[in-house]
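In what follows, a single structure is set out as structure tokens and then discussed.
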């Protein structure tokens, strides 16, 4: 569960990413990566140790109650 302090930090980071052009908000209010954001994310993922990208994907899915099926 995210507490108020974590939520405020998350909103602050998201606002900064929006202002710097890494994300955009679509007509429904959903966040999407811009081309600049996609390049930044890809560069970060390329630096992760082998397997960590999958761990991050699974962690994201679990935190959003999304079922993960790898095989």
Seminar exercise, completed: With the 8 Å Cα cutoff and a minimum separation of six or more residues, the range 4-63 has a relative contact order in percent of 18
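What order, most packed first, do the peptides 56-68, 13-25 have when packing is the mean number of other Cβ atoms within 10 Å of each residue? Provide the component values of the computation, followed by the final result.
Values: 56-68: 10.2, 13-25: 13.5.
Packing proxy ranking, top to bottom: 13-25, 56-68.
Between residue 12 and residue 26, what length comes free when the chain is fully extended (0.36 nm per residue of separation minus the Cα-Cα distance, one decimal in nm)?
Details: separation 14, 0.36 × 14 = 5.04 nm, distance 1.87 nm.
This chain segment gains 3.2 nm when fully extended.
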For this session: Compute the whole-percent fraction of alpha carbon pairs in the chain spaced more than 14 Å apart.
Result: 73
Exercise. Taking the Cβ-Cβ separation of residue 44 and residue 70 as r and a Förster radius of 30 Å, what is the calculated FRET efficiency to the nearest 0.05?
Worked result: 0.85
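Just so you know, all these numbers are worked out from the coordinates, no wet-lab data involved. Because the structure is a prediction, the values reported are computed rather than measured. All Cβ positions, even for glycine, are placed from backbone atoms using ideal geometry, and neighbour counts span all protein chains on display.
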